[in-house]
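Visitor: Here it is, the structure, as structure tokens.
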Amino acid sequence: MKKIFSVVFLTLTVLVLTACNGGKSDSQDNSETDNAPKYSIQLELNCVRNLLFSKYDLDVFVDGNKIGKLDHGATRTFSLELVEGTHTLVAAKEGSRTIDGTIDFAVSEDSKFMYKLSCTSQQVEIEEIIEPEATTEESTVETDTDSSQTEGRDYRESLDSDGLIIIPEEGESDTPPTDSSNNHSGDNADNSQTELLDNDQSEESLYYSTNDRETAKKGNTGVFAYSSIGGTYSNYWVIDFDEEYVYRFAEGNGDGTCDRLKIDSGDLNTVLIITYHDGNNEWSYGLHFKRKNLPDALILQEESGFEYTYYPADLNSALEIRDSKTITDY
């Protein structure tokens, strides 16, 4: 009996000591967290605006705690106090955590973090924005532009140091850039065949449309032809408002088919919607002029939110290529 009592007493003693030590450890952990230095942090979040698809708002979380909401296409700065260490930023589709994006950031002083958020149908992409540091050498560079370097440079867009498209002010005309880095993957053609646009065509029909320029600006009648530039083959879009169909095909890669899609709604100055119907699968594209009332460049936007630029193609040649293909209706 004494042996049993001793065993029970010893067991109880061990449990009490363990509980005390555990409580002491938890207390120490909480104390360390409370005593950790805190810093003022600003999170500037820029949500890229989608024109057509995936236009949802975002719930924003830091370390699992919701700190606010970010409207689609908006920029908002969140101010908070965070302890030193690594923290996690999560941006999720409003009301759902199935579509989200995550990025970690380290806090060691008062800081401002800037992020670009892109909404797609599958996830939220988060990219840190790093501001370039100004240097003394850069600050002394003259800003005057040598006219001899810019004379004859009449294309509409160029690329900055980060590879992003620089879009000039409205009112300038679109002509194809010689750089093909902004093309859809696989949208290729021979650069040597690229021609500059004649933007003075106002009375006669444009070479890429059955319209004269003033009528083409409306973007809701006649036939238009556009293609990609750069590389070894081209992807074409023929938009036929007369028949109410859009044709999509490639030339130069051995593909002998052409997709034909009924126009669902819209025009090229707002957004023209077409939808693929492939069995039980459906997905839509949006087509529109890059600038309102300027038909010299066409934008394709996918459901994912990605955009691609196409430029005018000779209409007669495009129709001849299309007619050589096997038409597939979707």
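Visitor: Residues in region 106-128 near a label at E94, defined as backbone nitrogen under 20 Å from the 7 Å Cα→Cβ point?
Guide: From region 106-128, the list is 116-126.
Visitor: Using packing as a proxy for protection, rank 251-263, 217-229 so that the peptide with the highest average count of other Cβ atoms within 10 Å comes first.
Guide: Going from most to least packed, we get 217-229, 251-263.
Visitor: Separate question: Could the peptides 118-124, 76-82 be put in order, highest first, of the mean number of other beta-carbon atoms found within 10 Å of their residues?
Guide: The most tightly packed comes first, giving 118-124, 76-82.
Visitor: What does the charge count around D264 come to, taking other residues whose C-beta lies under 13 Å from its C-beta (Lys +1, Arg +1, Asp -1, Glu -1)?
Guide: So the environment of D264 carries a net charge of -2.
Visitor: Hey, another quick one. What whole number of Å gives the distance from the Cα centroid of region 253-300 to the Cα centroid of region 219-235?
Guide: Their Cα centres are 11 Å away from one another.
Visitor: At 0.36 nm per residue, minus the direct Cα-Cα distance, what do E244 and M114 gain on full extension? Give it in nm, one decimal, please.
Guide: 42.3 nm
Visitor: Between T232 and T215, what is 0.36 nm times their sequence separation minus the Cα-Cα distance? Round to one decimal in nm.
Guide: Result for the pair: 2.8 nm of gain on full extension.
Visitor: Continuing with the same structure: Just order 63-74, 239-250 by mean Cβ neighbour count inside 10 Å, highest at the front, would you?
Guide: Highest mean packing first, the order is 239-250, 63-74.
Visitor: How compact is region 209-321 by the rule of thumb for globular proteins, expressed as Cα Rg over 2.2 N^0.38 Å?
Guide: Normalised by 2.2 N^0.38 Å, the Cα Rg of region 209-321 equals 1.01.
Visitor: Under a plain spin-label model, where a point goes 7 Å from the Cα along Cα-to-Cβ, how far apart in nm are K66 and L51?
Guide: The answer from the label model is 3.3 nm.
Visitor: Report, in listed order, any pair from K292/K325; K69/K116; K55/K290; K93/K217 with a Cα-Cα distance greater than 25 Å. Intermediate values should be presented prior to the final figure.
Guide: Working: K292/K325 32 Å; K69/K116 15 Å; K55/K290 19 Å; K93/K217 37 Å.
Distance filter (> 25 Å) returns K292/K325; K93/K217.
The numbers here are math on the coordinates, done by the rules we state, and not lab data. From a predicted model like this one, the values you see are computed outputs, not experimental measurements. All Cβ positions, even for glycine, are placed from backbone atoms using ideal geometry, and neighbour counts span all protein chains on display.
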